[in-house]
Amino acid sequence: MTSHHHLRVDGQRLWARLEALGEVGAVRGQNGERGNARLALSDADREGRDLVIGWMHDLGMEVSIDAVGNGVAVRPGTDPSAGAVMVGSHIDTVRTGGWFDGNLGVLGGLEVVETLAQNGISTKHPIAVAFFTNEEGARFQPDMLGSLVYVGGMALEDALDVRAADDGARLGDELTRIGYAGPTPCPAAAAPHAFFELHIEQGPVLEDEGITIGAVTGVQGISWTELIITGQSAHAGTTPMRLRRDPGYVAAAINTGIRALAREMGGTQVATVGRCEYSPNLVNVVPAKVTMTVDLRNTEEALLRQAEEVFAALCEQLAAEEGVTIERRTLARFEPVEFAAEQIDLVETTAKRLGYSTMRMPSGAGHDAQMLARVCPTSMVFVPSVNGLSHNIAEFTHPEHITAGANVLLQVVLAAAAPG
Ligand code: GLV
Ligand code: MN
Ligand code: MN
């Protein structure tokens, strides 16, 4: 068997596709930065899907769309009985997203396929390139919804019934509206042989350490809660402080309280209020109601539970003190995930063999790979994010790091899919 260790991707071709997809649903910042607003199942998402599927067809791949809108393109292998080595990620973005988050994992997969095709290299296992619906969770919760249904972790009917946080639209209706309620059954009939996801780190660690490739060991646990705090709307001038039942004050106290919680717990514990809406939101009215979200994450399940307990007790204490009611609803809850040791080793040794500096690290962000890890050996390849920024239109990764990550993905996929 000939070795294909010398094989490298065409970094410029990959960059050009990233640029082109980044033009779909583009938003511009004050300094001219280009970001993306391609919320799941929006018109921009449809346009992005159409573009990527066009590229998949250009590569001669067969594309299937499943019942939750996940797209999977396949390059056949030489062994009809071998399961597919799958690579992929998502192409939806948050409303203020960049053009690397998710896109890189999908377009990196296409670059792997094109490199193999151009060099006439076949593999025993088929290679599948997937984009999963609503990874971000910015419009529909939970996040990673498409890959969760794909692996059988959520019933299809429940997923189709999810309502959008912004306009209340039903996920199933939006899928049909954009023409992506596909005919392929979901969950998938068979688990992949292995799954790999190339992704930007979205945090500052690799850049800070001066390291090119992160071999991702797992994903931290995620806990998302929506709070509806109801008090008594009243006149801001006439109502003495001692007689108020102010949900706005309680929202602020929860926000500072979870910051204190995270600071006291230390380690990987993080805590964020990302959404907070006052109603009626007027200068001289004590609000009637506040709707807010709390995002808690930790790499250790026991610690995440502890954080959830402290947070719940804080809500109860504040509700009693201020005389408001707090309804709590879980929007997403995923335990920490550890990737397969063999796949992590493969990423690490491949990066070293290619001459890239590398380190092992957990992922702070959620990823489709954490869902695929439930059904097949999985790992991820991280590349540095400039200034650690992501979920921000200023998100950027240097072209040489994009190319390095794609080269690692190429060699990892080749090793798993077995040339021949
Ligand atoms: C999903 O991208 C998340 O980590 O919030
Ligand atoms: Mn992502
Ligand atoms: Mn994201």
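The values are calculated or read from the model by the stated rules, or taken from the named source; none is laboratory data. Given the structure is predicted, the values throughout are model-derived calculations rather than measurements. Here Cβ is always computed from backbone atoms with ideal geometry, including for glycine, and neighbour counts include all displayed protein chains. Protein only, heavy atoms only, side chains kept; ligands, DNA and RNA dropped before computing areas. Shrake-Rupley method; radii C 1.70, N 1.55, O 1.52, S 1.80 Å.
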Scoring the chain by relative contact order with C-alpha pairs under 8 Å, at least six apart, yields a percentage of 24
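Please report the carbon-and-sulfur percent of the accessible area for the chain; probe 1.4 Å, protein heavy atoms only, DNA, RNA and ligands left out.
Working: 8610 of 16980 Å².
C and S atoms contribute 51 percent here.
Are there any GluC sites (Glu not before Pro) in segment 1-106 that are in a DSSP loop and have at most 16 other Cβ atoms within 10 Å? List them by number.
Details: sites: GLU19, GLU23, GLU33, GLU47, GLU62; in loops: GLU23, GLU33.
Passing both the DSSP loop test and the Cβ count: GLU23, GLU33.
So which DSSP H runs in the chain come out at 24 Å plus along the axis (Cα) with average Kyte-Doolittle of at least 1.0? If you can, show how the numbers build up before the last one.
Numbers: long enough: 247-265 (26 Å, 0.39); 301-322 (31 Å, 0.14); 399-417 (26 Å, 1.11).
Flagged H segments are 399-417.
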Of all DSSP beta bridges having both residues in the chain, the percent classed as antiparallel (nearest 5) is 70
Expressed in angstrom and rounded, the centroid-to-centroid distance over alpha carbons for segment 346-420 and segment 110-151 is 14
In cubic angstrom per residue, the convex hull of the chain built on its Cα atoms measures 139
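When ligands, DNA and RNA are left out and all protein chains stay put, how many square angstrom of accessible area per residue does the chain have with a 1.4 Å probe?
Numbers: 16980 Å² over 420 residues.
So the chain comes to 40 Å² accessible per residue, rounded to a whole number.
Run the helix sum for the chain: -39,500 (n - 2.57) per DSSP H stretch of 4+ residues, divided by residue count, reported at 222 nm to the nearest 500 deg cm²/dmol. Spell out each step's value before the answer.
Values: 12 runs with 145 residues, N = 420.
Mean residue ellipticity at 222 nm (helix-derived): -10500 deg cm²/dmol.
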Place a point 7 Å from the Cα of ARG259 in the direction of its beta carbon; the residues of segment 288-307 whose amide N falls under 18 Å from it are 292-297
Mean separation of Cα contacts under 8 Å (at least 6 apart) over the residue count of segment 221-334, i.e. the relative contact order in percent, is 45
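Taking the Cα centre as origin and putting +1 on Lys and Arg beta-carbons and -1 on Asp and Glu beta-carbons, what dipole magnitude results for segment 21-93, to the nearest 20 debye? All intermediate terms of the calculation are to be shown ahead of the outcome.
Working: 6 positive and 11 negative charges, 36 e Å.
Charge dipole of segment 21-93: 180 debye, to the nearest 20.
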Using a 1.4 Å probe on heavy atoms of the protein chains only, the accessible area for MET241 in Å², nearest 10, reads 140
Expressed in square angstrom to the nearest 10, the accessible area of LEU51 with a 1.4 Å probe stands at 50
